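Engineer: Structure incoming, see below.
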Amino acid sequence: MRSLFPVTDLTTTGPAAPDREWSLDELAEAYAYPAELTAAPSAGLGAGTPWLRANMVSTLDGAAQHDGRSQPISCAADMRIFGTLRGLADVVIAGAETVRLEGYRPARAREAFAARRAAAGQGPAPAVAVVTGSMDLDFSLPLFTEPLVPTLVLTGAGAPADRIAAARKAGAEVVIAGDGTRVDPARAVRELAGRGLTRQLTEGGPRLLGQFVAAGVLDELCLTISPMLTAGDAQRIAGGPGVAVPERFFLASLLEEAGFLFTRYRRTDS
């Protein structure tokens, strides 16, 4: 993996040599959350301020999935970055449909990130937070019955009471983040941050990412551009209603391997 767009904060050890696989530690440095998140409030963002990043993959013609899943348009290096981003996060946020389609399981503790997480005051693995208004989830799945860290369910105050009870019985923590049956994306970010989960990572799907974009709460996008063409009518990485004025992001880093581009964009005011 080689750096095509080196920036001063890309890594503390300098760009990797051409055709050398980046180590997980180098990737962790390259994708580190802003240092201000763990600093005193006077130092910048302030302790307790959330930072929401998204991790998505897209083909050259804009497809975020093939046959309903992202795996066919991914690659081994993309999955290493996927694992790195999870290894750095406090919480992984995903929509219920994505959880069902991708077969989500609990995040696992990884030795490669153990020391880094301990130094940052994090638990052994990120929590998984599922966003759902209907609560249409199978609470007998390992995501709810076998997590290292209790799974969170983000829903609205008007969600079915029996499903909320079923989630809690299964061991999930139910977080109310909306007044009706829908989840308010900005409130979801705040509710998670209020629980100390400030390093936030969303893996979509497209509808959820579109809601975060529309709410203006997305700070960073880690987008893998896959050198594939699929045609068809697959979803883009973000769906739903458009924003009134497109929001500008700047390119923070760019890596390449085997034709795949691994981009990282940040909001211009972040």
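A short reminder: the numbers here are calculations on the coordinates, not readings from a lab. None of the values given here were measured: they were computed from a predicted structure. A quick note on method: Cβ atoms are made from the backbone with ideal geometry, for glycine too, and the neighbour counts reach across all protein chains shown.
Engineer: Which entry in [x] 28, 22, 19; [y] 78, 20, 19; [z] 37, 29, 15 is this structure's computed semi-axes √(5λ) of the Cα gyration tensor in Å?
Structural biologist: Given [x] 28, 22, 19; [y] 78, 20, 19; [z] 37, 29, 15, the structure-derived one carries the label [x].
Engineer: Now, a different point. Helix 76-88 versus the longest principal axis of the chain: what is the Cα-based angle in degrees, 0 to 90, to the nearest 10?
Structural biologist: 60
Engineer: Quick one: compute the contact order of the chain, relative version, from alpha carbon pairs under 8 angstrom and 6+ residues apart, as a percent. Don't skip to the end; give the middle numbers.
Structural biologist: Numbers: 556 pairs, mean separation 67.7, N = 270.
It comes to 25 percent, rounded to a whole number.
Engineer: Scan the chain and hand back the longest stretch that contains none of the GluC sites (Glu not before Pro) lying in DSSP loops with at most 15 other Cβ atoms within 10 Å.
Structural biologist: The segment 22-246 is the longest one with no such site.
Engineer: Using a simple charge model, +1 on the beta-carbon of Lys and Arg, -1 on the beta-carbon of Asp and Glu, nothing else, what dipole does the chain show about its Cα centre, in debye to the nearest 20? Write out the running numbers ahead of the final one.
Structural biologist: Working: 26 positive and 30 negative charges, 91 e Å.
In debye, rounded to 20, the chain gives about 440.
Engineer: Right, something else. I want to verify a result. In a Gaussian network model of the chain, Cα cutoff 10 Å, which of these has the top mean-square fluctuation: A76, A188, A54?
Structural biologist: A76
Engineer: What's the longest uninterrupted piece of the chain once you rule out the trypsin sites (Lys or Arg not before Pro) that are loop residues per DSSP with at most 11 other Cβ within 10 Å?
Structural biologist: 21-247
Engineer: Just to confirm my numbers, what's the Cα centroid distance between segment 132-166 and segment 209-270 in Å?
Structural biologist: Taking the Cα centre of segment 209-270 as reference, the centre of segment 132-166 is 28 Å away.
Engineer: Which of P185, P124, P246 moves most in a GNM of the chain, Cα contacts under 10 Å?
Structural biologist: P246
Engineer: Within a Cβ distance under 13 Å of G156, other residues only, what is the Lys/Arg minus Asp/Glu net charge? Numbers along the way, then the final one.
Structural biologist: On the way: positive: R163, R182, R187; negative: D179, D184, E191.
Residues close to G156 contribute a combined charge of 0.
Engineer: In the chain, what percentage of the DSSP-assigned beta bridges are antiparallel, given to the nearest 5? Mind showing how you got there, number by number?
Structural biologist: Values: 17 of 43 bridges.
Beta bridges within the chain, antiparallel portion: roughly 40 percent.
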